[in-house]
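> Just passing along the structure, written as structure tokens.
Just so you know, all these numbers are worked out from the coordinates, no wet-lab data involved. Since this is a predicted model, take the numbers as computed values, not measurements. Glycine also receives a Cβ, built like all others from the backbone with ideal geometry; neighbour counts cover every protein chain displayed.
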Amino acid sequence: MDSVALRFWCFVLVSLVVFVAILRFVTRHRAHPLHLKPVVGVAAIVVVGGMMFAKFGNNSGLPWWIYYTVPALATLLLPPFAFKFSRRELAWYLVLAFLSSPAIHAVFSFVLGWHEYMPFLPVPYWRDVLAG
């Protein structure tokens, strides 16, 4: 596997873990936890499908507003409907969903120097900061 593909699948894996953690957090007060199959299905569509669509869109020359907006809409709309979020769950979910992508990007950019996740959001690599 080449370096670009390895980085992409690392982003996908970390995004999956973060997405599932967000779902578990926002639904933590429910009497019955979310079932695994629907979580895996929604995560596959939102995270894996969304990131593959964004990668394909970017590589195909689609405008950024298409290859970022379509996955963003899936992220914001599918889980609340699929899991029937309460208003409180929806509020938590929307805040965390909006913050998670930039946070993942910031960590990968700062710690590893991988800037391709959200290239329009400049975060320096820690070594570049120290080199000053």
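> Of A31, M1, V46, which is farthest along the charge dipole of the chain in the positive direction, counting Lys and Arg as +1 and Asp and Glu as -1 at C-beta?
Checking the options against the dipole of the chain, the answer is A31.
> Oh, and also: Can you give the helix-only mean residue ellipticity at 222 nm for the chain, where every DSSP H stretch with n ≥ 4 adds -39500 (n - 2.57) and the sum goes over all residues, rounded to the nearest 500 deg cm²/dmol?
-22000 deg cm²/dmol
> Next question, about the same structure. Grab the beta carbon distance between M52 and D128, set R0 = 30 Å, and tell me the FRET efficiency rounded to 0.05.
Once rounded, the FRET efficiency stands at 0.50.
> Working only with C-alpha atoms, what are the Rg and Dmax values of the range 42-94, expressed in angstrom?
12.5, 39
> Once the piece of chain linking T69 and H32 is laid out straight, how much longer is it, given 0.36 nm per residue of separation minus the C-alpha distance between them?
10.1 nm
> Can you give the convex hull volume per residue for the Cα atoms of the range 1-51, as a whole number of Å³?
64
> Starting from the coordinates of the alpha-carbon atoms of the range 1-126, obtain the Kirkwood hydrodynamic radius over all distinct pairs and give the value in Å to one decimal.
15.3
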